[in-house]
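First up is the structure itself, then whatever we jot down about it.
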Amino acid sequence: MKVDVLLGLQWGDEGKGKIVDVLTPKYDIIARFQGGPNAGHTLEFNGLKHVLHTIPSGVFRENTLNIVGNGVVIDPVIFKKEIDALIDLGVDIESNLVLSKKAHLILPTHRLLDAASEIAKGKAKIGSTLKGIGPTYMDKTGRNGLRIGDISESYFLEKYNALKNKHLSLLAQYNFDTSELADMEATWLSATEELKKLKHIDSEHVLNEAMKSGKAVLAEGAQGSLLDIDFGSYPFVTSSNTVCAGACTGLGIAPNRIGEVFGIFKAYCTRVGSGPFPTELFDADGELMQKEGNEFGATTGRPRRCGWIDLPALKYACMINGVTQLIMMKADVLSCFDKIKVCTHYNYKGEQISHFPYDVNESNVTPIYIELAGWKKDLTGVTDLDALPTELHDYVEFLEKELELPITIISVGPDRSQTILREKALA
Ligand code: IMP
């Protein structure tokens with residue numbers, strides 16, 4: 001069996017958690033391959049709303065193994081809170097959740113360094129979630145990091161202290177207040193002990209063996225392709241490879257073992273944090289999208305910036321990821337608009353282009369739009385494809401033609417049940 005990959009095509013928050021949860025019955029294993037608690041994957045079913053940060057979104061379905069892969073970075077404190085909340089809901093964590101020994105740990109001092117670095121950047125700040133993601137990946141690539149497998153070793157505290165002291169000298173250079181560190185550290189060390197209760201595995205072996213024995217695996221991405229460290233709107237990106245190739249390095253899966261690539265996008269576009277966003281709206285339409293879409297961050301609560309769909313950016317993301325199927329989220333949010341705008345090209349330094357250029361920013365890029373008719377119909381109770389309005393079908397078909405890919409699922413609300421299959425997406 002090949003591994004299917006599900007990932008976001010925009011700047012994150014596309015609704016990956018919901019769709020992984022919907023698709024999970026088709027899979028034996030769900031594996032997260034990058035990112036960490038900067039993510040917030042929201043799932044809603046049976047009147048329950050739950051936000052997951054590091055734990056894969058298959059955790060609510062019985063008989064599904066959830067793997068936190070080597071490409072993920074874990075904050076034991078946030079992880080423990082997630083586990084406690086799941087145990088309260090009766091989820092059998094000890095049997096359905098395992099951690100790669102190679103996943104890196106976020107230390108309390110990584111979080112302080114994240115904050116210090118953002119303050120030092122001033123107006124040029126990234127708008128980080130301040131979960132310590134950047135400094136942890138820096139230590140990973142700098143070959144200084146601590147990993148899950150280290151927790152059970154006798155040298156653990158010695159290694160921890162060495163890294164902490166290195167961070168303290170950096171924090172002193174930033175002149176950053178570290179008075180909270182002692183408390184943070186005590187909580188962190190005790191949460192780290194708790195992590196010992198979970199199985200720590202060589203996840204690359206487990207996954208490859210599982211594939212050999214015919215098990216179906218879904219790799220779950222976090223953030224979005226335009227936040228990728230290599231291909232996103234650098235430097236306003238996260239510190240991992242959010243694109244499909246990240247599933248290979250973040251799980252130990254060979255490129256020729258990748259099967260379907262599900263690319264998720266919103267029927268419009270959002271971004272949280274700083275950085276370029278060509279189709280961003282600063283008017284009443286943007287405010288309406290934010291309100292109707294409840295566009296506030298699941299991790300930080302920050303309001304998300306909103307705008308029309310951006311085809312040059314989406315085409316770019318489809319290309320980099322080798323997307324095979326598209327999934328369109330939050331179509332219901334556009335129900336309040338008479339006209340739907342679609343950015344088909346950019347005016348880039350006076351020239352009309354249809355690709356996503358190296359230096360996307362407000363002064364170089366102006367979006368060029370076409371307008372389509374809106375549907376002005378509440379979709380949230382629609383369960384049948386044929387009951388969707390004609391204008392929405394037209395919108396979907398227009399996007400499919402432009403992106404040269406099928407849109408196989410349309411989501412019309414946050415609940416599991418508000419999901420309409422257009423084709424044999426999961427055959
Ligand atoms: P960091 O990964 O927390 O350092 O944040 C870097 C950038 O990515 C910031 O603009 C964040 O707002 C954005 N970001 C990080 N994680 C997510 C996410 O899960 N959804 C949306 N944006 C995110």
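Results, tabulated for the structure shown:
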quantity: About the Cα centre, charge dipole magnitude for the chain (Lys/Arg +1, Asp/Glu -1 at Cβ), debye; calculated: 860 debye
quantity: Kirkwood Rh and Cα Rg combined as Rg/Rh, the stretch 186-263; calculated: 1.07
quantity: Fully extended contour minus Cα-Cα distance, from F176 to T390, at 0.36 nm per residue; calculated: 71.3 nm
quantity: Angstrom value of the Kirkwood radius, inverse mean 1/r, which spans all Cα pairs in the stretch 265-354; calculated: 14.2 Å
quantity: Net charge, D84 excluded, C-beta distance under 15 Å - Lys, Arg +1, Asp, Glu -1; calculated: -4
quantity: Contour excess over end-to-end distance, with Cα ends at E351 and S154 and 0.36 nm allotted per residue; calculated: 64.8 nm
quantity: Qualifying trypsin sites (Lys or Arg not before Pro) for the stretch 166-237 [loop in DSSP, other Cβ within 10 Å: at most 13]; calculated: K196, K197
quantity: Distance-filtered residues of the stretch 193-208 - backbone nitrogen under 17 Å, label point 7 angstrom along D92 Cα→Cβ; calculated: 198-199
quantity: Helix-only mean residue ellipticity at 222 nm for the chain, each DSSP H run of n ≥ 4 adding -39500 (n - 2.57), per residue, nearest 500; calculated: -9500 deg cm²/dmol
quantity: Projected area averaged over orientations for the chain, convex hull of C-alpha atoms, nm²; calculated: 20.3 nm²
quantity: Gain in span if fully extended, V51 to E209, counting 0.36 nm per residue against the direct Cα distance; calculated: 53.8 nm
quantity: Longest DSSP-loop-exposure-free segment, chymotrypsin sites (Phe, Trp or Tyr not before Pro), the chain, at most 12 other Cβ within 10 Å; calculated: 1-154
quantity: Global form of the stretch 179-313, assessed from the alpha-carbon gyration tensor, a/c cut-off 1.5; calculated: oblate
quantity: FRET efficiency for R302 and F282, using Cβ-Cβ distance with R0 set to 22 Å, rounded to 0.05; calculated: 0.85
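Every read-out reported here was derived from the displayed coordinates using simple, explicitly stated rules and does not represent laboratory data. What you see is a predicted model, and the numbers here were worked out from it, not measured in a lab. In this analysis, Cβ positions are derived from the backbone assuming ideal geometry, glycine residues included, and neighbour counts consider all displayed protein chains.
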